[in-house]
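What follows is a set of notes on a single structure, which appears directly below.
No lab work stands behind these numbers, since they all come straight from the coordinates. Just so it is clear, the model here is predicted, and its values are computed rather than measured. Here the Cβ is made from the backbone with ideal geometry for all residues, glycine too, and neighbour counts use every protein chain on show.
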Amino acid sequence: MLQDAIERVKGVGEKTATLFHKEGIFTKEDLILGFPISYREYPAPVLIQQARDKEWMAFSGVLKEDFRGNSGNAKGFLFAKVFDQSGEIILQYFHAPYIRKVLKKGMQFVFFGQVREFKGSLYLQQAKYFSPEEYREKQRCLEAIYSGTKGMKSYVRRKAIAEIFKEDFRYPDLFSEADLERLSLRNKKESLRLLHFPRNFKEREEGRRRFAFEELFFYSLYLEKEEKEYKKVKETVLYQEGEEEDFQSYFPFALTNSQKNCITEMNRELLEKKRIFRFVEGDVGSGKTVIAFYLLYLTMKRKKQVAFMAPTEILARQHYENALKLFPNGIALLLGSTSLKEKKRIYKDIAEGKILGVFGTQSLIQELVHFQDLESIIIDEQHRFGVKERRKLEEKGKFPHALFLSATPIPRSLAKLLYGSLPLSVLQEKPADRLPIKNALIHKEEQGKAFSFILEEIQKGRQAYVICPMIEENENLEVESVLSYEKLLRKSFPENVRISVLHGKMKAEQKEEVMEAFKQGKTQILLSTTVVEVGVDVGNATVMLIENAERFGLAQLHQLRGRVGRSALQSYCIFLDRKDDEKSRERLEIIKNSNDGFSIAKEDLRLRGPGDLFFGERQSGDLQFHMADPILDEALFRDARLEAERILKQDPNLERHEKLQNAFLKMLEADCP
């Protein structure tokens with residue numbers, strides 16, 4: 001039944017089905033597995049005299065007049081006053097000429113919208129209107145908001161999902177009823193209902209928790225598998241005493257104490273013929289690449305091969321170009337955009353062992369890539385790759401040495417859950433020539449000042465990033481989108497300021513072209529969603545403006561901020577808060593006052609709650625976890641880890657847990673746990 005085509009859902013016609021298809025939704029199951037990005041809570045109506053600027057509020061009132069204003073075109077503004085026994089407020093609509101026909105003088109409704117104050121008068125903008133009975137029904141549950149293709153309204157999606165839940169369908173569960181009860185988890189079908197139609201945030205959290213547990217459980221199974229494999233003995237010893245001193249002579253600066261300690265630990269493992277299988281975690285700009293290049297140096301010196309995989313072509317090319325300065329011979333760059341002729345030459349040279357170091361993206365795990373003797377692998381921004389990509393690269397060698405680099409700060413208590421007994425190195429210092437980034441937290445009324453500051457930096461020959469949370473406008477979310485913000489930037493800056501746009505719906509070649517142009521200084525402002533988060537190094541970019549900063553987690557804001565401050569130049573990050581309430585300011589003051597990713601991660605955990613859900617833009621393969629948040633879900637992670645250990649102790653190969661075994665094997669072939 002759930003495999004029925006989306007066209008079989010009551011109310012889904014050809015036009016709606018086409019919009020669903022654009023989002024990759026072809027079956028009923030596809031639809032119910034597309035989760036909301038946010039929720040709207042309808043508050044109890046209050047008296048108009050209690051209206052507060054910038055708050056989302058509801059009022060029960062009577063239209064004092066018919067609408068007035070210019071409705072001669074779709075952009076006309078329309079106004080009408082609404083009153084109750086305490087006062088009156090002005091309704092304001094634009095792009096809505098139809099409103100004159102449906103709302104008339106004397107009619108009574110519950111109006112819901114955002115209150116705005118202008119020149120002493122209170123306005124309710126683009127208000128939704130309901131009969132008292134309809135509004136009471138709205139208050140019964142949270143209203144799910146979905147991202148989607150332009151033209152696909154959230155209410156259409158909600159209605160289609162509701163039709164599916166009217167049907168008597170079964171959804172198979174991997175855990176028995178007894179196990180679910182012991183673990184205090186809902187079954188999968190009920191969890192799906194709670195995610196789409198929760199009565200409150202507590203119910204929504206129960207639904208999310210069920211899917212988060214499953215992701216964390218499978219990750220724990222995989223980690224147990226990795227721990228066994230990493231203990232393999234290596235025949236080749238990659239290190240002789242004193243080689244680290246020769247390596248350090250390649251650099252014009254002294255290594256930090258954290259880098260030296262990490263190298264010492266790796267040397268000890270190599271001398272003991274152990275397999276290096278190490279996670280290297282460091283804040284943005286802490287020098288993780290130096291550690292990666294050390295393994296590259298040791299491997300190539302012994303005429304063995306090493307593969308360095310990065311999540312984007314621009315980042316892979318950046319690593320390759322930096323490596324060329326140290327190792328001018330024997331390395332190559334293999335990308336999806338590499339010409340067919342060049343690919344064939346590189347494949348041949350890799351197979352014959354002529355190329356010792358190869359840099360690339362997922363192009364490195366293609367079937368046509370065969371290594372003669374792959375001794376080491378390095379994966380940058382490893383959390384952006386799923387299990388499948390990681391394993392495919394490992395399997396091109398025979399239990400190769402492996403370094404996994406990550407700039408995501410993890411609190412110490414969580415590291416044991418994420419990495420188990422696998423070695424972890426934390427790089428805490430930054431290069432001595434880096435100046436701390438100067439931060440500013442501003443209101444939306446100060447946007448013009450931010451633009452003026454950006455222009456000043458551009459006039460000094462610098463470049464800037466502007467970040468928005470979404471690609472396109474969403475009528476249900478008060479957030480800035482890249483496509484509409486581009487018009488604002490072009491209107492606000494002189495014509496000679498070159499602006500480029502970057503977002504996840506662009507083709508890979510387009511994204512690489514935009515980033516390369518920015519890196520080379522051909523464009524001065526890069527307007528982007530969070531796809532720019534991955535560690536590209538543009539030293540001349542000295543300022544970043546993050547719109548709707550309240551919509552991001554603190555850890556993600558810190559990652560974004562790490563795109564500036566990549567050179568000895570003074571850099572700046574401006575956080576623009578559009579919510580402007582006490583809780584939002586408290587959160588953003590933390591990142592304004594600190595550049596320490598680890599302390600920020602701890603505060604993120606303390607302050608985040610179930611009502612703060614907002615995902616923004618995600619790329620395919622962007623995250624290892626889709627519903628789980630290892631920081632927020634640390635206790636749940638511990639439960640999942642214990643459950644995985646319990647089952648594996650009784651049944652090491654999952655032979656007596658056929659459903660779990662099949663799901664785990666399927667996960668190993670998929671893009672994410």
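Can you put 194, 364, 324 in order, fewest other beta carbons within 10 Å first?
Least crowded to most crowded, the residues run 324, 194, 364.
Starting from the Cα of residue 118, step 7 Å along the direction of its Cβ; do the same at residue 201; then give the gap between the two resulting points in nm.
My value for the distance between the label points is 3.1 nm.
What ranking do 159, 666 get, fewest neighbouring Cβ atoms within 10 angstrom at the top?
Listing 159, 666 from fewest to most nearby Cβ atoms yields 666, 159.
Report, in degrees rounded to the nearest 10, the 0 to 90 angle that the Cα long axis of helix 154-166 makes with the longest principal axis of the chain.
80
Quick check: pseudo-label points 7 Å beyond the Cα along Cα→Cβ at residue 79 and residue 163, how many nm apart are they?
Taking the simple label geometry, residue 79 and residue 163 are separated by 4.2 nm.
Measure out, as a whole number of angstrom, how far apart the alpha-carbon centroids of the range 1-66 and the range 479-524 sit.
31
If each residue of separation counts as 0.36 nm, what is the full-extension length gain between residue 444 and residue 257 once their alpha-carbon separation is subtracted?
Extending this stretch completely gives an extra 63.1 nm.
Quick one: putting +1 on the C-beta of Lys and Arg, -1 on the C-beta of Asp and Glu, what dipole do you get for the chain around its Cα centre, in Debye to the nearest 20?
Dipole about the Cα centre, nearest 20: 1100 debye.
To the nearest 0.05, what FRET efficiency results for residue 248 and residue 498 with a Förster distance of 41 Å applied to their C-beta separation?
0.55
Grab the Cα-Cα distance for residue 68 and residue 125, subtract it from 0.36 nm times how many residues apart they are, and report the gain in nm with one decimal.
19.0 nm
Given labels modelled 7 Å from the Cα in the Cβ direction, how far is it in nm from residue 668 to residue 522?
4.5
Students often check this: by mean Cβ neighbours within 10 Å, which of 302-308, 5-11 ranks highest, and how do the rest follow?
By packing density, highest mean first, the sequence is 302-308, 5-11.
Between residue 507 and residue 648, what FRET efficiency comes out of the Förster formula 1/(1 + (r/R0)^6) with R0 = 51 Å and r the beta carbon distance, rounded to 0.05?
0.75
So what's the back-of-envelope 222 nm ellipticity for the chain, counting only DSSP H runs of four-plus at -39500 (n - 2.57) apiece and dividing by all residues, rounded to 500?
After summing the helix terms and dividing by the residues of the chain, the value is -11500 deg cm²/dmol.
Just to verify a number: FRET efficiency for residue 90 and residue 140, C-beta to C-beta distance, R0 = 30 Å, to 0.05?
0.50
Could you work out how much longer the chain between residue 232 and residue 40 gets when fully extended? Use 0.36 nm per residue separation minus the Cα distance between them, nm to one decimal.
Additional length available on full extension: 63.9 nm.
Take the alpha carbon atoms of the range 316-370, find their center, do the same for the range 161-232, and report the distance between the two centers in whole angstrom.
41
Take peptides 551-559, 94-102, 25-33 and line them up by average Cβ neighbours within 10 Å, highest first, as a rough protection proxy.
Most protected by this proxy first, the peptides run 551-559, 25-33, 94-102.
Less than 20 Å from a label point 7 Å out along the Cα-to-Cβ axis of residue 487: which backbone N atoms in the range 543-566 qualify, by residue?
In the range 543-566, the label zone of residue 487 (backbone N under 20 Å from the point 7 Å along Cα→Cβ) covers 547-548.
Pairs of alpha-carbon atoms within less than 8 angstrom and 6+ residues apart define the contacts here; what relative contact order does the chain have, in percent?
13
Using a cut-off of 13 Å between beta-carbons, work out the net charge of the residues near residue 17 (Lys and Arg +1, Asp and Glu -1, residue 17 not included).
Numbers: positive: 8, 10, 15, 22, 28, 157; negative: 4, 7, 14, 23, 30.
Result for the neighbourhood of residue 17: +1.
In the range 124-176, how does Rg compare with the Kirkwood Rh, expressed as the Rg/Rh ratio over alpha carbon atoms? Don't skip to the answer; put the middle values down first.
Values: Rg = 15.6 Å, Rh = 14.3 Å.
That ratio equals 1.09.
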